[in-house]
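Working notes, structure below.
The values are calculated or read from the model by the stated rules, or taken from the named source; none is laboratory data. Here the structure is a predicted model, which means the values were calculated and not measured. Counting neighbours? That spans all protein chains shown, and the Cβs are built from the backbone with ideal geometry, glycine included. SASA here: full protein model, heavy atoms, side chains in, ligands and nucleic acids out. Shrake-Rupley method; radii C 1.70, N 1.55, O 1.52, S 1.80 Å.
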Amino acid sequence: MFKKFTLSIVPILLFLVSAYSLFVDYEIILPEPISYSDTESAEAHTELNPVVEIKRGIWFRIDYISFLIKELESEILPIDTEQEESIDKLKRIIIGQRILFFVIAFYMALCFSAFISQFFRAWFYLTLNRLVFWLGVFWALQELFLHIRILADGHLWGAAGVVFFLTTFILTIFAIVFLEKGKSESKTFETLKHSSSLEEEGRAPQANANSSYLKLLLHFLMIIAVGILIGNFVYIPLFLLQKHYVTEFTMFIFSLLLLLSGFYIYNYGKVGGEKSLTGLQNTLVSIAYLQFRFLRNGFFGIFATVLVVFFVTFLFSILILNIDLIQTNTGLFQKGSEF
């Protein structure tokens with residue numbers, strides 16, 4: 001009973017931790033250095049410990065920085081004021097804040113997916129819950145230390161934060177242990193694990209004995225023609241749209257992503273849905289599975305990119321080393337340049 005309760009409540013607690021970070025933030029203010037030659041100044045600054053100050057979270061910070069950028073770009077300001085550098089700095093800051101906002105929002109969605117997958121015992125719940133729990137342990141521990149500092153400064157309301165984050169930290173540790181012990185339990189939605197195989201869909205690949213070089217050439221020319229059409233009628237208009245209409249382009253891309261996600265969720269529910277569950281329950285599991293696929297493909301893409309960059313860098317390093325050795329031992333390139 002305690003095991004089931006812990007595995008169910010921890011994603012909700014971590015969801016609250018991430019939501020808390022969106023709306024509340026803290027800043028550690030270090031004391032200003034003083035000169036001890038002045039005894040009166042030294043006595044006035046007896047408290048030299050850092051102070052934790054409450055700030056608004058990322059949501060309000062983005063809104064405030066956007067307001068500042070809008071005011072600085074206003075035509076009401078004098079022309080001779082040099083605010084371009086300040087606007088560029090604020091734009092770089094707001095980009096970082098928006099990225100952080102979407103990362104936290106994605107983690108909140110991941111907590112929801114972890115809860116749903118664990119509740120219905122979907123086969124991919126181990127991966128999602130491991131990621132959520134291990135990230136949540138360090139996040140809760142960081143917030144715990146911060147609220148201990150707030151409590152030490154004399155703010156009694158920090159005790160509520162200490163209790164909440166300490167409880168979250170301990171329960172998350174228990175959840176990780178229970179999760180690893182339950183790996184051998186039966187799982188559902190096994191069909192989704194093999195939903196992309198052609199054999200399951202009755203479309204096993206077959207060799208075509210009638211293929212010829214002429215057909216291959218025609219296929220190649222068709223691919224080139226389709227690429228030209230897509231480039232002229234899709235890519236170029238999209239490039240002009242994102243260049244001149246940034247807001248409209250963002251809304252357009254976001255709408256396409258929603259439609260594509262809905263298409264995948266519908267197909268996942270049809271292919272791998274459990275007959276014992278309702279349509280809504282199958283849809284919820286399909287949403288969790290879509291996020292699992294996004295994570296897996298994202299990790300594979302990042303790993304492949306890093307591997308390619310490392311391989312290309314390694315080849316260029318060997319090439320440069322060989323050129324240096326040839327130049328040093330034979331002077332071949334120097335002799336060639338004399339002609």
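Under a crude label model (7 Å from the Cα following the beta-carbon direction), how far is V163 from L221 in nanometres?
7.9 nm
Given a Förster radius of 22 Å and the C-beta distance between Y245 and F60 as r, what FRET efficiency does 1/(1 + (r/R0)^6) yield to the nearest 0.05?
Working from the Cβ atoms, E equals 0.20.
Using a 10 Å cut-off on Cβ atoms, rank the peptides 269-275, 239-245 from the highest mean neighbour count down.
Output ranking for 269-275, 239-245: 269-275, 239-245.
For the pair F294 and L315, how long in nm is the line joining their label points, each one 7 Å along Cα→Cβ?
Calculated label separation equals 3.4 nm.
Between the range 154-185 and the range 259-274, what's the alpha-carbon centroid distance in Å?
34 Å
At 1.4 Å probe size, what's the solvent-accessible area of W123? Round to the nearest 10 Å².
40 Å²
Kindly identify the range 66-168 as rounded, prolate or oblate by the Cα gyration tensor criterion: order the square roots of the eigenvalues as a ≥ b ≥ c, call it rounded if a/c is under 1.5, otherwise compare a/b with b/c, prolate if a/b is larger, else oblate.
In terms of gyration-tensor shape, oblate.
Could you tell me whether the range 229-280 comes out rounded, prolate or oblate from its Cα gyration tensor? Rule is a ≥ b ≥ c as square roots of the eigenvalues, rounded for a/c under 1.5, then prolate if a/b exceeds b/c, otherwise oblate.
Oblate is the answer for the range 229-280, as a/c is 1.5 or above yet b/c matches or exceeds a/b.
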